[in-house]
Every structure is written in C-alpha cells, then in structure tokens.
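All of the numbers you see were taken from the coordinates with simple rules; none came from a lab. All values reported here derive from a predicted model rather than from experimental measurement. Ideal geometry is used to build each Cβ from the backbone, glycine not excepted, and the neighbour counts take in all protein chains shown.
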Amino acid sequence: MYKSLNKFSQANRHVKGGSAARKAAFTLAEVLITLGVIGVVAALTLPALINNYEKHVTLTRLKYSYNIFSNMIRRAEADYGNITEWGLDAEGNKEYNLESQKVVRSQFIKKYILPYLQGARFSDSKMKTYADYGYKTPIVTRTGEAWGPLNGAPPIIQLANGSILIVSFATMTNSDNKTMFAGLYFVVDINGPSGKNQIGKDVFFFCIPFVVNTKVLFYQNYTVSDDNYIRLDPSRTNRTYVLNQCKATGYHCGYLIQIDGWQIKNDYPW
C-alpha cells in the first residue's frame, strides 16, 4: 500500500509539472505581439542611434583631419621656415592666374603637403574627375547647389583613412587691383564618395593663410593686417553669426563645431 501511494504521488507530480510547463509556454499570438512591440521600439530608437553614430564618426574624422593638417604645417615650417618665406604669399608678389596656378599648385602639393601626410596618394600626371574617384553625385551646398560637379577635375589627394582632400589656393586683391596668392584651401570629404557629399555634413572647408602667424583655420571671415598677421573680426566670429552662415550654405559648419568645443549641438543643422 505504501509503495502504491508513493508511485501515485510521483505520477501525480509529473502531471502537475507538465501542467505547469504548459502554462509557462507562449502562444503564437503572444509571440507576435511581443515581436510587434520590439519592432515599434526599434523603429523609434534606431534612427536616433544611427544619427548619433553618424555624428560621432563625423566629429572623429573632422578632428583627425584638423590635427593632421596642423601637424603638416608645423613640420613643413620646421623644414622650410615660416610659410611667408615659401615665396607664395602676397608679400612675395606672386600674382595668381588660372594657368600658372595649376603648375604652382602641383609643385606646392608635392613639396609641402605630401611628405607630411603619411600614406596619402596624389596623381597629377592625369587629372582625374570626381566621377573617376567613384562619386555618383556631386558635392553640394545646403541649398542643393552643385559645388563640385562630377566632371570637375581638381587636384585630389586620397588620405590614408579614405578621406578625400581637394586642394585650392585662396586669393586676395591688392592695392593695385591684382589677384594674389593669399593662402591654401583644403576641402575635406571625410568619407569620400560613399557619403552624403554635402557641405556641412561630411564635407568641410579649411584654410591656411600665407601669413606670419599662420595656422589651420576652418572656413571663416578674417582679415590680414598690414604687418601680415591674421586678424579675426569679432562681429563675424560670434556663434550666432557662424550658426546662421552654417545653416545658409554649410561653409562655416566646421568652425561652428570647433567653437562649440568639438560638439554637434542640438541646433546644428544636421
């Protein structure tokens, strides 16, 4: 009798265990509802996560570009003296014209830029277009205006991290109404042809003036004093002015990020 009751109790426990297991299972409807909730949450949070990731990549690559250009100038000046002694500044009476600048620019790149950009590639034997470098869409301003058309063929340097560097001379008009070399423009596409190709999103402008106290500047408004020093205009370097200019065309956006402490703030026109 004892053994029988023991067996019955064991059997009864198995039945109860099976019943409990069946109660803990999910029905198909419950699974579908759960998946639906997960999908809704993902749809709400994924764009924000992607957006934050893109901002992080932009900041990282932009600051990297700024640092390597600053280092490039410091090293070049250590080897060749102050940039005003390189013979291209306005004080050196180097007049700018479309034909001569092509040769001067190529020589400048090979002597003062490439040796200080490790892993960079530049080919001027055959000028390639943006399309040759893989661009499917042109580089545009915030208004959608084409800045770099696909058939354009500027001197392009490919950096080791995949960024594209477009090099151009900045100019100024002297008292004799002549156009003179005044500095160097770097236009950096931080992710090359694969990105949005929009100024202020993944394309940013730098300038290196041919002045005594030269440094890498993001695109901004500045003047050059009579003694050949950079002079910044306070009315055009305050945040409100820079933010409005960034929203308008995108050219000032790199400078906005810099004065915001290398952040992309909520009012940035992302």
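If I take R0 = 22 Å and measure r between the Cβ atoms of ARG231 and ARG74 in this structure, what FRET efficiency does the formula 1/(1 + (r/R0)^6) give, to the nearest 0.05?
The computed FRET efficiency comes out at 0.50.
Using 0.36 nm per residue of separation minus the Cα-Cα distance, give me the extension gain between THR45 and TYR133 in nm, one decimal.
Here the answer is 28.2 nm.
Would you kindly derive the ³J(HN,Hα) couplings of region 27-38 from the backbone phi angles with the Karplus curve 6.51 cos²θ - 1.76 cosθ + 1.60 (θ = phi - 60°), listing them in order in whole Hz, with x for Gly and Pro?
7, 4, 4, 5, 4, 5, 5, 4, 4, x, 5, 4
Please sort 228-240, 70-82, 199-211 by packing, taking for each peptide the average over its residues of neighbouring beta carbons within 10 angstrom, highest first.
Descending mean neighbour count gives 199-211, 70-82, 228-240.
Determine, for each peptide in 139-145, 214-220, the mean count of other beta carbons within 10 angstrom over its residues, then list the peptides with the highest first.
Highest-to-lowest ranking by the protection proxy: 214-220, 139-145.
Could you give the length gained on full extension between LEU35 and LYS178, defined as 0.36 nm per residue of separation minus the Cα-Cα distance, in nm?
So the chain would gain 44.5 nm between LEU35 and LYS178.
Beyond a 28 Å Cα-Cα separation, which of these cross-linked pairs lie in this structure: LYS178/LYS215; LYS63/LYS111; LYS55/LYS136; LYS55/LYS102?
Beyond 28 Å: LYS55/LYS102.
Could you order the peptides 165-177, 250-262 from most to least packed, using the average number of other C-beta atoms within 10 Å per residue?
So the peptides 165-177, 250-262, ranked by packing, come out 250-262, 165-177.
If you project the alpha carbons of region 36-259 onto their three principal axes, what span does each projection cover, largest first, in Å?
70, 44, 33
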